[in-house]
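Structure, as structure tokens:
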Amino acid sequence: MAKPTPYTRFQKNLKTVFAHLKLTKAERSLFLEPHRILKKDIRLKRDSGKEEKFPAFRVQYNNARGPYKGGIRFHPQADEDEVKALAALMAVKTAVVDIPFGGAKGGVQVDPKKLSKRELQTLSRAYIRAFQEHIGPDIDCPAPDVNTTPTIMGWMRDEYEKLTGSYAPAVITGKPLAYGGSRGRDTATARGGFFILEELMDFDALDRSELRVAIQGFGNAGATMARFLHEAGYTVVAVSDSQGGIYSEEGVDPVRIEKYKRKTGSVAGEYCEGSVCDTSKMKLDNVQHVSNEELLELPCDILIPAALDNVITAKNAPKIKARYILELANGPTTPEADAIFEKRAIRVIPDVLANAGGVTVSYFEWSQGRSGEQWTDAQVDAELKRIILAAYRAVRREVHREKISYRQAAFLLGVRRMLEAMRMRGWIDT
Ligand code: NAD
């Protein structure tokens, strides 16, 4: 049997809802492959004078409900299959939160930490030049993802406007506030996940002060979520980044960790310099060093994967102790792990719902870019809460009505909404 890939895992989730919706073969075929897979090698002249090639991708999965929309990832493991899966998840996600976009994703196979600032800017601009004819405010609007920042989005907008001779702030979202960004975009992914978690904890009548949370990934999504949870009275017991993490059963202080991460580049920066750790200080603070694999299996109530995909598998799912999993990362759980969690009654709030706050505020940014309006923090927060909780409640209704998992329910809702748009567009015989 062929080894599962991120895209075959997406297809597996998709196929579980085909039967529920009684789709015809022709209808199913509209979901099985993306509309367009664009690939180019970006040539970058390094500071050393040497030229290097980096594979770059843009996958446009579906635009039935509106322009293609999705982030751009800079990562050494970004490849065509991963970008395809992420593009498809975006289409389901925009439909779940019911915003007028389709789904796309981009990626460059590069380790941006090894680039100078000049090289990073040149590469970012080259990405837009490579795919410019397929991008535009009404066509396909990129956004940030792993290792891509507001500054990179700003360079990309500028490159697009130079190439097209237009004023087009809505071409890309996640831009700096001073250059067409929206208030609240930087915290949106975590904020959306936080609203859902709060609703779920209220529904289950749980006391925040008794809830322990472990978070894998300490970037835009993970670090912001850690701060929100800490402020709301949850105990954040563990956090990690690509170099590993720290755990304390008494709880860690995310604000302090963020300060050390900024200073040293690592979440363990207060205690360790590279692999050398001050064990006596760790003992005093009751803090332990943990690997990313260990973090997932720690004693906690809520586990939040907020880094990369495919980290929760059939191998570690039986050992996971959390009762709730909130997927801020895209694609962290395999279908095999999902099946184990269903048997163990562990509730998984899936990526297409849990991390949809990011694309929702991207939608606000896109709207502001088109209208020239500027929303306040309060407006963004209130609209995000309204949209994300409406989506959460709609998914929960399907969970109870159909007796299926949250992931199946979210896919059901998303695919049904995409189908309605496809029918209107005449892609499907009615
Ligand atoms: P980011 O680049 O800001 O942060 C990524 C974090 O993951 C960093 O702390 C990094 O050290 C850590 N990391 C990298 N490799 C790791 C590994 N092997 N093990 C553990 N940690 C590792 O990225 P982000 O924007 O926070 O995105 C994180 C996840 O959230 C991704 O799956 C992304 O697709 C998803 N997501 C992000 C947004 C958004 O708006 N930023 C929206 C939706 C989904």
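For the reader, a short list of remarks on this structure follows.
- Filtered by the rule that a residue be assigned to a loop (DSSP other than H, G, I, E, B) and either more than 22 Å from VAL236 (Cβ to Cβ) or of a type in the set (S, T, N, Q) (or both), region 310-325 gives ASN310, THR313, ALA314, LYS315, ASN316.
- From PRO318, PRO299, residue being modelled with pLDDT of 95 or more, surrounded by fewer than 20 Cβ atoms within 10 Å (Cβ to Cβ) and touching an Asp or Glu at 6+ places or on another chain (Cβ under 8 Å): PRO299
- Neighbours by Cβ (under 8 Å, 6+ apart or cross-chain): first from region 125-146, closer than 13 Å to LYS39 by Cα; second open to solvent by 40 Å² or more (accessible area, probe 1.4 Å) and aliphatic (A, V, I, L, M): ILE128/LEU163; ARG129/LEU163; GLN132/LEU163
- Matching residues in region 412-430 - criterion: being assigned to a helix (DSSP H, G or I), of a type outside the set (A, V, I, L, M) and open to solvent by 10 Å² or more (accessible area, probe 1.4 Å): ARG416, ARG417, GLU420, ARG423
- Filter result (crowded, with 22+ Cβ neighbours inside 10 Å, among the hydrophobic types (A, V, I, L, M, F, W, C) and within 16 Å of the ligand (Cβ to nearest atom)) within region 150-181: ILE152, MET153, MET156, ILE172
- Test result for GLY184, over 23 Å from VAL83 (Cβ atoms), in contact (Cβ under 8 Å) with a residue 40 or more places away in the chain and open to solvent by 10 Å² or more (accessible area, probe 1.4 Å): yes
- For ARG256, the stated conditions do not hold, so it cannot be described as under 17 Å from ALA214 (Cα atoms), among the basic types (Lys, Arg), in contact with a Pro (Cβ under 6 Å, 6 or more places away or on another chain) and open to solvent by 40 Å² or more (accessible area, probe 1.4 Å).
- First in region 205-221 and open to solvent by less than 10 Å² (accessible area, probe 1.4 Å), second anywhere and β-branched (Val, Ile, Thr) and part of a strand (DSSP E or B), Cβ under 6 Å, 6 or more apart: VAL213/VAL236; VAL213/ILE302; ALA214/VAL237; ILE215/VAL239; ILE215/ILE304
- When GLU294 is tested against (1) within 12 Å of the ligand (Cβ to nearest atom); (2) modelled with pLDDT of 95 or more; (3) part of a loop (DSSP other than H, G, I, E, B), exactly one condition is not met: (3).
The values are calculated or read from the model by the stated rules, or taken from the named source; none is laboratory data. Nothing here was measured: the structure is a model prediction, and the numbers come from that model. With ideal geometry, Cβ positions are generated from the backbone for all residues, glycine too; neighbour counts draw on all protein chains shown. Please note that ligands, DNA and RNA were not included when accessible areas were found on the heavy atoms of the full protein model with its side chains. Shrake-Rupley method; radii C 1.70, N 1.55, O 1.52, S 1.80 Å.
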